[in-house]
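Every number in this text was worked out from the coordinates using simple rules, so none of it is lab data. This one's a predicted model, so the numbers in the text were calculated from it and none came from an experiment. We place every Cβ from the backbone using ideal geometry, glycine too, and count neighbours over all the protein chains shown.
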Amino acid sequence: MYNPLVKLTPALLEGMLATPKLFVRQTYARGISVMDEPNSIYLLFTYYEKNDPIEKNRVGIHTAQLQKDPYCFLYDSENPVHRERLQLAAAAGAPYFVYTNVLYQQWKAPPWLRKKIHTYMLQDYPWWNYSKSNQLHIHLKDRYGLLYLQLSWKAHKADLLLEEIENFVPCATT
């Protein structure tokens, strides 16, 4: 699986903690690497602004979706115990691999992904009359720990799970 998110580091966490945050911790399968030890643990810490009522509502939705995740936990950066645990997580090394919902830089779909998206669009969205000659706008979005691709072309828009595109197999043509 493609993982565009960054590892949580002490320096990154310090910058994030400049304002009160809530962090939802969950299992993160996208972080798995064949280079890691077999018993490694991959976690995603999704941050939300604590003092924003809309963000607080999103925290509730996010945590409700993780009822069966054994690693689900909600950290409050203003709680000293939680803050210390966040700092430990950011500094942790193997077997823990901790990521956060931050991108390395201005995200751009890699060529292999663009190719899959183009094939997907031609097959599954024929009413768009999509053409590779016109630019398809692709944005990566994080929603409740899942990565989505927001696609827009002319007046059309679609939000698709990144996983759906990754696992897409085109139909054979006759």
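Charge dipole (Cα centre; +1 on Lys/Arg Cβ, -1 on Asp/Glu Cβ; no other charges) of the chain amounts to roughly 500 debye. Scanning residues 5 or more positions from LYS21 or on other chains, those with amide H under 5 Å from its amide H are LYS50, SER77, GLU78, with H placed 1.01 Å from N in the peptide plane. In sequence order, segment 9-25 has phi-based couplings of 10, x, 5, 5, 4, 4, x, 5, 7, 5, 10, x, 10, 10, 10, 9, 9 Hz under the Karplus curve 6.51 cos²θ - 1.76 cosθ + 1.60, θ = phi - 60°, and Gly or Pro positions carry x. When you filter the chymotrypsin sites (Phe, Trp or Tyr not before Pro) in segment 52-94 for DSSP loop state and at most 13 other Cβ atoms inside 10 Å of their Cβ, you are left with TYR71. As a proxy for reagent exposure, ranking LYS68, LYS154 by other Cβ atoms within 10 Å from fewest up yields LYS68, LYS154. Dipole size of segment 111-166 about its Cα centre, with +1 on Lys/Arg Cβ and -1 on Asp/Glu Cβ: approximately 280 debye, rounded to the nearest 20. Here segment 19-158 carries DSSP beta bridges of which approximately 80% are antiparallel, counting only pairs with both residues inside.
Just the number: Rg to Rh for segment 5-103, Cα atoms, Kirkwood Rh, two decimals. Using Cα coordinates only, the ratio equals 0.96.
In the structure shown, the pairs LYS108/LYS132; LYS21/LYS141; LYS7/LYS116; LYS7/LYS108; LYS68/LYS141 are assessed against 21 Å; a Cα-Cα span above that value is assigned to LYS7/LYS116; LYS68/LYS141.
For segment 5-103, a simple Cβ point-charge model (Lys and Arg +1, Asp and Glu -1, everything else neutral) yields a dipole of about 160 debye relative to the Cα centre. Put in order of Cβ neighbour count within 10 Å, fewest first, the listed residues CYS72, CYS171 become CYS171, CYS72.
A straight chain from ALA92 to GLN150 at 0.36 nm per residue would run longer than the Cα-Cα distance by 17.6 nm. Taking a point 7 Å from the Cα of TRP107 along the Cα-to-Cβ direction, the residues of segment 1-24 with backbone N closer than 11 Å to it are 3-6.
More than 18 Å apart: what percent of Cα pairs in segment 111-166 qualify?
26
Dividing the alpha-carbon radius of gyration of the chain by the rule-of-thumb value 2.2 N^0.38 Å gives 1.18.
Backbone phi angles across segment 133-139, fed through the Karplus curve with coefficients 6.51, -1.76 and 1.60 (θ = phi - 60°), yield HN-Hα couplings of 6, 9, 6, 8, 8, 10, 10 Hz in residue order; Gly and Pro are listed as x. If the segment from GLN123 to LEU74 were pulled out straight at 0.36 nm per residue, it would be longer than the present Cα-Cα gap by 13.6 nm. Placing a label point 7 Å from the Cα of ASN134 along the Cα-to-Cβ line, the residues of segment 140-169 whose backbone N sits under 20 Å from it are 150-160.
Relative to one another, the C-alpha centroids of segment 1-42 and segment 138-163 are positioned 21 Å apart.
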